[in-house]
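Undergrad: First, the structure itself, so that you have it in front of you.
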Amino acid sequence: MFFQKLGKFVVQYPLAIIAFWVIFAALAIALPPHWNDVTLDGDLAFLPKNMPSVEADDLFRRAFPQRQAKSQIVFAVSREDSTLTEEDLRFADRMASPLQNTQGIFLYRSAEQGTAEVDPTNEEGEDAGPIQYAMEAWEESALLDPRNWHPLWNMAFVCGQLGKSDEKEQYRQLAIALRPELTKETLELVPSEPFDWNQFDVLTRHTMVRGDMLASPDGHAVLVVVESRNEFMATDNIRVLQEATQYVEAWRKKADEEGLSHLEIGVTGNAAIGGEMLLAAKESIANTELYTILLVVLILLVIYRTPMMLTVPLLSIAVSFIISSWLVALLTQVHYLPGLEWVDFKVFKTSRIFIVVILFGAGTDFCLFLIGRYREELARCRDHQWAIAQALAGVGEALTASAMTTVVGLGMMFFADFEKYRNSGPAIGLCLLVTLFTCLTLAPAIMRFLGPLLFWPWGDSKQFVEKSRPVSTAWWEQISSWICRWPGMTLTVVVLLLGMVGFPSMWNRIRTGEAVEVSYDLFGDLDNDRMAKQTALRLREHFPLGESGPLTILAVNQSGQFGEREGRSIILDLSNTLFATSDDVEQVFTSEQPLGDKPAGFSFSGRGRQVMLLRNHRRTKEFFLAQEPKLRGEIALLRVIVDRNPFSNGAIELLGKIEHDLHAKIDTLPPPWNETKIFIQGTTPSIRDLRTVTQSDQKRIEFGVIVAVFFVLLVILRRPFVCAYMILSVLFSYYVTLGITEMFFRTVYADSYQALDWKVPLFLFVILAAIGQDYNVYLATRVFEEQKRLGPIQGLMRGITTTGGIITSCGLVMAGTFASMCMGTLLGVIEIGFALTVGVLLDTFVVRTIMLPCFLALMNRYAQSPEDDTIDA
């Protein structure tokens with residue numbers, strides 16, 4: 001009744017409806033907030049606050065407030081043919097000199113603005129303000145490259161500002177000796193526009209304490225590290241990566257000019273990797289949007305062969321996309337309203353990929369069903385307005401029902417602990433609701449407004465009806481006849497054939513709780529041709545695998561004696577325990593062993609004397625012992641390098657063993673040291689927590705989706721057995737899809753394949769379980785409608801025949817939009833796109849075409865008496 005009234009309202013006031021949506025879309029474009037201004041990205045930054053790695057990170061920030069670096073840009077200089085020569089090393093130093101000079105400028109400007117965050121004392125215990133640190137940075141820059149006049153000029157400028165005339169002139173003359181034309185120049189900071197990488201520190205092989213970590217043990221590589229305040233996945237890292245890449249290209253050119261072409265120069269580090277991932281995600285989104293639109297246009301042209309008919313779904317979806325994106329962005333600002341501060345809604349850049357494909361896929365499906373029913377009604381009466389109203393009345397309930405299964409399914413992600421899941425599902429569901437509203441109002445209004453133009457180039461409605469049939473009904477009549485004649489045999493054969501592919505996944509789920517093995521290697525998502533990944537892979541040949549993601553172990557004891565004799569002995573004990581845990585523990589850097597060596601007695605060797613000197617060095621204390629006054633002496637830091645990929649399951653297993661051995665050792669210590677607590681920070685602990693929370697979320701979300709979708713189906717169909725079978729059939733296609741996807745990528749990627757991306761099983765399940773029911777609902781509601789007129793068997797055959805072509809067209813559109821995700825550059829997105837494409841095709845051509853009709857036929861057969869059966873067994 002409601003949709004009959006809505007149909008009459010739409011055909012009566014089409015211009016008002018169109019005007020409403022156009023004005024709404026215009027406001028969404030003009031008014032803030034805009035999508036790109038509020039979207040976030042990354043995975044590890046959105047773990048629950050009670051996870052061990054997050055607690056460790058919070059403790060680290062409190063204990064070492066001066067260590068504000070959150071990511072690193074790593075410049076690498078290496079050669080494969082032999083060890084680096086002295087000339088090669090000097091070239092790397094010269095490459096670091098401008099970076100160190102920039103660090104000095106950054107520190108000085110921070111001092112001017114009063115925003116400097118540096119340590120309160122120098123090694124002599126005297127005040128060492130930010131200007132002193134700036135001078136130290138320039139001195140190091142000048143030592144790294146004696147030909148670089150910039151740091152000398154900057155020191156002359158600062159000395160002039162401080163009233164130190166003699167020192168000012170001394171530095172000025174040194175700079176002029178390198179560049180005579182400076183005689184007539186005014187002193188100022190140079191360069192005037194240095195790199196702005198939000199940097200905190202620059203580390204080279206000459207940096208005390210930490211410099212020893214930057215030269216490879218085999219002598220083939222040396223690193224220059226720029227520590228940045230940017231988060232690992234900060235959007236600004238795209239710009240930083242681009243500028244760092246230009247810097248590398250400039251020095252590659254200099255190396256060629258100086259006859260050092262054998263040097264391999266690159267940039268990596270987690271800031272660069274984060275920038276590469278954001279850039280790849282941006283490219284994936286752009287590619288997905290482009291290919292989604294092209295595929296939808298192409299498929300619609302093939303189906304209807306009427307260009308004007310394309311305007312109905314395309315305009316409707318475009319308007320819904322603009323409005324829904326704005327509404328989602330607006331929700332991120334709700335916490336600013338009084339009384340709603342507790343609302344913490346976030347939206348992520350990669351969510352746009354799913355919003356695009358689901359809106360275009362589902363929106364096109366909605367319009368296809370509306371147009372398909374419109375064609376049927378038009379064939380009966382040839383009245384354009386009446387056909388639109390009747391079409392909307394006929395499909396409105398089915399469209400709403402199918403949309404609600406998807407919205408409710410996606411809404412179950414709200415109950416996840418992982419913020420990215422918790423916010424993404426409802427956001428996509430909201431966008432789909434807006435799309436449903438536009439397809440139920442704007443789409444028929446456009447059809448009503450266009451009138452006869454809708455049928456161009458066919459000229460009139462009669463030719464449109466005759467020439468725009470999606471698929472010949474004869475084919476579907478044969479299929480429906482076959483199914484109604486041999487439902488049991490057909491269903492058994494299909495289940496057995498596909499079951500061979502899906503059974504391993506089902507068995508793994510029963511046996512281990514996980515359908516397939518998944519990988520949390522975020523680094524592996526990137527193409528190998530990206531510089532940051534190329535450089536990182538090259539460095540793995542010269543540094544331990546864990547160098548890029550060391551473990552930071554915080555030992556906490558409230559006695560306050562770390563740094564004193566007894567506490568130093570405990571640190572050595574813990575260090576020995578770590579080395580004894582596994583041969584894969586390569587180095588353990590502590591306040592007692594700042595060079596990472598295994599603890600040993602005092603030695604008069606050069607290495608031994610160096611260790612003794614470094615133990616009391618300011619940088620050693622800054623790096624390994626808590627600097628916050630309230631926590632001083634209570635926290636000691638151990639930096640552990642292991643020879644395992646920090647993203648791998650092997651590294652997670654080693655982390656567990658390290659924790660076990662440390663706790664076992666602590667239990668044997670005398671009071672108060674037996675109360676020492678251990679917190680571990682780093683890539684591997686974060687990946688372990690990500691695995692823990694996502695595995696827990698997946699089980700919770702899967703259960704919620706199954707229950708919620710079942711009850712939605714029950715409300716729609718009011719047939720419990722049919723609803724339960726629909727759920728089971730989609731679950732069956734889910735496991736089959738996982739099996740096909742896993743086999744495909746294992747075959748295509750061969751030796752480089754680790755496992756499916758960790759996001760594949762969850763997104764596949766939620767989207768397939770929700771969207772996969774659409775076609776079942778479309779078919780079932782039409783079958784039940786026809787059975788009221790024609791009886792069980794004839795009604796089933798009529799339902800299959802009338803919906804066969806249109807549902808197939810919808811399935812192809814939906815599969816095509818998901819296939820567009822495979823045009824991206826992130827492997828995880830490609831895997832999700834492939835899996836969803838396969839899953840939708842299975843639902844379209846197997847579940848809806850064969851499995852559900854066979855089940856309905858079997859129900860009819862056992863529900864009616866033999867004499868009522870019009871089809872032979």
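Every number here is computed from the coordinates shown, using simple stated rules; none is lab data. The structure presented is a predicted model; accordingly, all values stated were derived computationally and were not measured. Note that each Cβ is placed from the backbone with ideal geometry, even for glycine, and that neighbours are counted across all protein chains shown.
Undergrad: Which aspartates and glutamates, if any, have their Cα less than 13 Å from the Cα of K168, not counting same-chain residues under 8 positions apart?
TA: Partners found: E188.
Undergrad: A follow-up question, please. Evaluate Rg over Rh across the range 321-370, taking Cα atoms for both radii and Kirkwood's formula for Rh.
TA: Working: Rg = 14.4 Å, Rh = 12.6 Å.
The Rg/Rh ratio comes out at 1.14.
Undergrad: A follow-up question, please. Whole-Hz ³J(HN,Hα) for each residue in the range 822-834, computed from phi via Karplus 6.51 cos²θ - 1.76 cosθ + 1.60 with θ = phi - 60°, x for glycine and proline: what do you get?
TA: Karplus values, whole Hz, x for Gly and Pro: 6, 7, x, 10, 8, 4, x, 5, 4, 5, 5, x, 4.
Undergrad: Measure nothing fancy, just the Cα-based angle from helix 649-667's long axis to the longest principal axis of the chain, in degrees from 0 to 90, nearest 10.
TA: Long axis of 649-667 versus the principal axis of the chain: about 50 degrees.
Undergrad: Next up: Apply the a/c threshold of 1.5 to the C-alpha gyration tensor of the range 550-681 and tell me whether it is rounded, prolate or oblate.
TA: oblate
Undergrad: If you split all Cα-Cα distances of the range 245-351 into 10 Å bins from zero, what percentages do you get per bin, shortest first?
TA: 11, 21, 22, 19, 15, 10, 2
Undergrad: What list of ³J(HN,Hα) values in whole Hz, one per residue of the range 711-719 in order, does the Karplus curve 6.51 cos²θ - 1.76 cosθ + 1.60 (θ = phi - 60°) give from phi, with Gly and Pro shown as x?
TA: Taking θ as phi minus 60°, the curve returns 5, 5, 4, 5, 5, 6, 9, 6, 9 Hz for the range 711-719.
Undergrad: So if R0 is 51 Å, what FRET efficiency would N674 and H34 give, r being the distance between their Cβ atoms, rounded to the nearest 0.05?
TA: Result of the calculation: an efficiency of 0.35.
Undergrad: Expressed as a fraction of 2.2 N^0.38 Å, the rule-of-thumb size for a compact globular protein of N residues, what is the C-alpha radius of gyration of the range 727-859?
TA: For the range 727-859, the normalised Cα radius of gyration is 1.18.
Undergrad: What three numbers, in Å, describe the spread of the alpha carbons of the range 351-410 along their principal axes, ordered from the longest?
TA: Principal-axis extents of the range 351-410 (Cα, largest first): 44, 19, 13 Å.
Undergrad: Right, another one. Which of C810, C484 comes first, and how do the rest follow, when ranked by fewest Cβ neighbours within 10 Å?
TA: In increasing order of surrounding Cβ atoms, one gets C484, C810.
Undergrad: Which order results if M308, M404, M743 are arranged by neighbouring Cβ count within 10 Å, fewest first?
TA: M743, M308, M404
Undergrad: Next up: With N set to the number of residues, divide the alpha-carbon radius of gyration of the chain by 2.2 N^0.38 Å and report two decimals.
TA: 1.15
Undergrad: Could you tell me which of rounded, prolate or oblate describes the range 229-297, using a ≥ b ≥ c as the square roots of the eigenvalues of the alpha-carbon gyration tensor, with rounded for a/c under 1.5 and, failing that, prolate when a/b is larger than b/c and oblate otherwise?
TA: oblate
Undergrad: Once Rh for the range 69-275 is found with the Kirkwood sum over Cα pairs, what is the Stokes-Einstein diffusion coefficient at 10 °C and 1.306 mPa s, in µm²/s?
TA: Value of D from the Cα-based Kirkwood radius: 89 µm²/s.
Undergrad: Next question. May I ask you to sort V493, V158, V736 by Cβ crowding, counting other Cβ atoms within 10 Å and putting the fewest first?
TA: On the way: V493 12, V158 21, V736 25.
Placing the least packed residue first, the sequence is V493, V158, V736.
Undergrad: Looking at this model, which pairs from K70/K282; K184/K253; K254/K282; K346/K533; K70/K254; K630/K657 are more than 25 angstrom apart at the alpha-carbon? Present the calculation step by step, with values, prior to reporting the outcome.
TA: Values: K70/K282 23 Å; K184/K253 31 Å; K254/K282 32 Å; K346/K533 29 Å; K70/K254 31 Å; K630/K657 31 Å.
The pairs that break the limit, which is 25 Å between Cα atoms, are K184/K253; K254/K282; K346/K533; K70/K254; K630/K657.
Undergrad: I've got another one for you. For the chain, what proportion of DSSP beta bridges, expressed in % and rounded to the nearest 5, is antiparallel?
TA: Within the chain, antiparallel bridges account for around 90 percent of the total.
Undergrad: Can you tell me the equivalent ellipsoid semi-axes for the range 192-246? Use √(5λ) from the Cα gyration tensor, largest first, whole Å.
TA: For the range 192-246, the ellipsoid semi-axes come out as 24, 13, 11 Å.
Undergrad: When DSSP assigns beta bridges and you keep just the ones with both residues in the range 550-681, what percent turn out antiparallel, to the nearest 5?
TA: Numbers: 16 of 17 bridges.
The answer is about 95 percent antiparallel.
Undergrad: Could you run the Karplus curve 6.51 cos²θ - 1.76 cosθ + 1.60 with θ = phi - 60° over the range 762-770 and give me ³J(HN,Hα) per residue in whole Hz, x for Gly and Pro?
TA: 5, 5, 4, 5, 4, 5, 5, 5, 8
Undergrad: Return P(r) of the range 729-785 (all Cα-Cα pairs; 5 Å bins starting at 0; whole %; ordered from short to long distances).
TA: Here the calculated profile for the range 729-785 is 4, 17, 21, 18, 14, 10, 7, 5, 3, 1, 0.
Undergrad: What is the pair-distance distribution P(r) of the range 194-320, computed from all Cα-Cα distances in 5 Å bins starting at 0, with each bin given as a whole percent?
TA: 2, 9, 12, 13, 13, 11, 7, 6, 6, 6, 5, 5, 3, 1, 0
Undergrad: Any idea what the relative contact order of the chain is, in percent, if you count C-alpha pairs under 8 Å spaced at least 6 apart?
TA: On the way: 1424 pairs, mean separation 158.9, N = 873.
Relative contact order of the chain: 18 percent.
Undergrad: Measure nothing but the geometry: give the 0 to 90° angle between the long axis through the Cα atoms of 86-113 and the longest principal axis through the Cα atoms of the chain, rounded to 10°.
TA: Helix 86-113 sits at roughly 80 degrees to that axis.
Undergrad: Note down the magnitude of the dipole of the chain about its Cα centre, charges +1 on Lys and Arg C-beta and -1 on Asp and Glu C-beta and zero elsewhere, to the nearest 20 debye.
TA: Working: 76 positive and 98 negative charges, 709 e Å.
With only Lys, Arg, Asp and Glu charged at Cβ, the dipole is about 3400 debye.
Undergrad: Could I ask something else about it? Hey, if you put +1 on the Cβ of every Lys and Arg and -1 on every Asp and Glu Cβ in the range 687-795, which of L779, G739, V715 ends up farthest toward the positive end of that dipole?
TA: The listed residue farthest towards the positive side: V715.
Undergrad: Using alpha carbons only, how many degrees (0 to 90, rounded to 10) separate the axis of helix 165-178 from the longest principal axis of the chain?
TA: 70
Undergrad: About the Cα centre, and with charges only on the beta carbon of Lys, Arg (+1) and Asp, Glu (-1), how big is the dipole of the range 550-681? Nearest 20 debye, please. Don't jump to the answer; show the numbers that get you there.
TA: On the way: 16 positive and 17 negative charges, 129 e Å.
Charge dipole, the range 550-681, about its Cα centre: 620 debye, nearest 20.
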